[in-house]
1. Out of the residues in segment 218-266 meeting the condition of being in contact (Cβ under 8 Å) with a residue 40 or more places away in the chain and among the hydroxyl-bearing types (S, T, Y), tell me which one is farthest from L187 (Cα to Cα).
2. If we keep just the residues of segment 299-326 that are part of a strand (DSSP E or B) and without any contact (Cβ under 8 Å) to a residue 24 or more places away in the chain, which is farthest from V203 (Cα to Cα)?
3. Do you know which residues across segment 201-226 are over 24 Å from the mean Cα position of the chain (by Cα) and open to solvent by less than 50 Å² (accessible area, probe 1.4 Å)?
4. Does segment 182-200 hold any residues that are within 18 Å of G286 (Cβ to Cβ), in a loop (DSSP other than H, G, I, E, B) and open to solvent by less than 50 Å² (accessible area, probe 1.4 Å), and which are they?
5. When residues of segment 209-258 are filtered for being of a type in the set (A, V, I, L, M) and at pLDDT 95 or above, how many remain?
6. Name, by its number, the condition in (1) buried (at least 16 other Cβ atoms within 10 Å of the Cβ); (2) at pLDDT 95 or above; (3) under 30 Å from L82 (Cα atoms) that does not hold for E129.
7. Go through (1) open to solvent by less than 40 Å² (accessible area, probe 1.4 Å); (2) at pLDDT 95 or above; (3) not hydrophobic (A, V, I, L, M, F, W, C) for E152 and report which single condition fails.
Amino acid sequence: MRICTLVGARPQFIKAAVVSRALASAGAEEILVHTGQHYDPEMSRVFFEELGIPRPAVNLEVGSGTHAAQTGAAMVRLEAFLAETSVDRLVVYGDTNATLAGALVAAKLHLPQAHVEAGLRSFNRRMPEEVNRIVADRLADQLFCPTQTALENLAAEGITEGVYGTGDVMLDATRFFAEAAATHAPLDALTPHGPHTYFLATVHRAENTDDPARLRGIFDGLGRLGAPVLLPLHPRTRARLDLLAMPPNVEVRPPEGYLAMLTLVRNARGVLTDSGGLQKEAYWLGVPCATLREETEWVETLEHGWNRLAGADPEAIAEAARTPPDGPQRPFGEGPDGRRPSDAIAHHLLHA
């Protein structure tokens, strides 16, 4: 079995790291294709180095651009690669433009394809990610769902064939790498702030970075927290900094590697983010989160206020960050029958 894995962005690198390890243990041959969507070395190379991901067979060097330009370039270059490379199945992850490009190319080439993290829905089609994941789910013949909610979403849309409840591979990654992070990326090497004395924030989604009013509202909210806010800045947001009056408590820093981010999350007083992955990592590490969006695909994290939807309203952001959870967490994202999610996915890929 030759599996072609397509990745292009930070969350996909992290998920692929644990699935690639499971595939190798099961004896599969994997060919990794990097779209080059994350071309910043700190957001690409560092993840391969830290997570032990196999070096990609090819980098499509798509880079940045409009959704159409990025998706189109990825499709053209991926199709050319697959035309010259014999593989049995394409695996796509999540909801980026790389996911959409891979799903479309595989469908046109009549190549079986699997979608890891299938069934997620925000029910907001203004989000490009929502469009990407819907298309990927429609075209995949294997759909690996991280939660019961995802399974129910697909069933409501009439998608029941080839659907598997595998659990969330991000839970595997968080558990596997959290201890390594404490050793290889200790807190005192990353910031002078002690545990639980700072907030950690990230802002990268187009709905926030491309809307000056929303971006100003978010930074106004961060400025009201009364504590240092560490902000590893995504390139998309860095390009908008000239539009903002940066609050004095917000400490802008370069993008961080995965291990450093796990350490910063684990020791934060709270997390404020528009990232789906960071919402989950905060939850699994027992850190309250405020989501800088109007909705979340990870509804499980909202229970008992461990995650609160704050949008871009400054007072709502401050209030969400100040309000502690009011009850215990409940586990979610676990694999079936005690198996790790990554092992469950590898099993289904190799026994399709």
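The values are calculated or read from the model by the stated rules, or taken from the named source; none is laboratory data. In this text the structure is predicted, and so the values were computed from the model without any measurement. Backbone-built Cβ (ideal geometry, glycine too); neighbour counts: all protein chains shown. With ligands, DNA and RNA removed, areas are computed over all heavy atoms of the protein, side chains included. Shrake-Rupley method; radii C 1.70, N 1.55, O 1.52, S 1.80 Å.
1. Y258
2. R308
3. G223, L225
4. Step one: of segment 182-200, the residues within 18 Å of G286 (Cβ to Cβ) are 182, 187, 194-200.
Keeping just the survivors that are in a loop (DSSP other than H, G, I, E, B) gives 194-198.
Selection gives G194, Y198.
5. Filtering segment 209-258 for residues of a type in the set (A, V, I, L, M) gives 213, 215, 218, 222, 225, 227, 229-231, 233, 239, 241, 243-246, 250, 252.
Still in the running and at pLDDT 95 or above: 218, 222, 225, 227, 229-231, 250.
Summing the residues that are of a type in the set (A, V, I, L, M) and at pLDDT 95 or above in segment 209-258 gives 8.
6. Condition (2) is where E129 drops out.
7. (1)
Residues checked against (1) within 22 Å of N249 (Cα to Cα); (2) surrounded by fewer than 24 Cβ atoms within 10 Å (Cβ to Cβ):
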position: N267; (1), (2): yes, yes
position: A282; (1), (2): yes, no
position: G286; (1), (2): no, yes
position: E300; (1), (2): no, yes
position: P328; (1), (2): no, yes
position: R340; (1), (2): no, yes
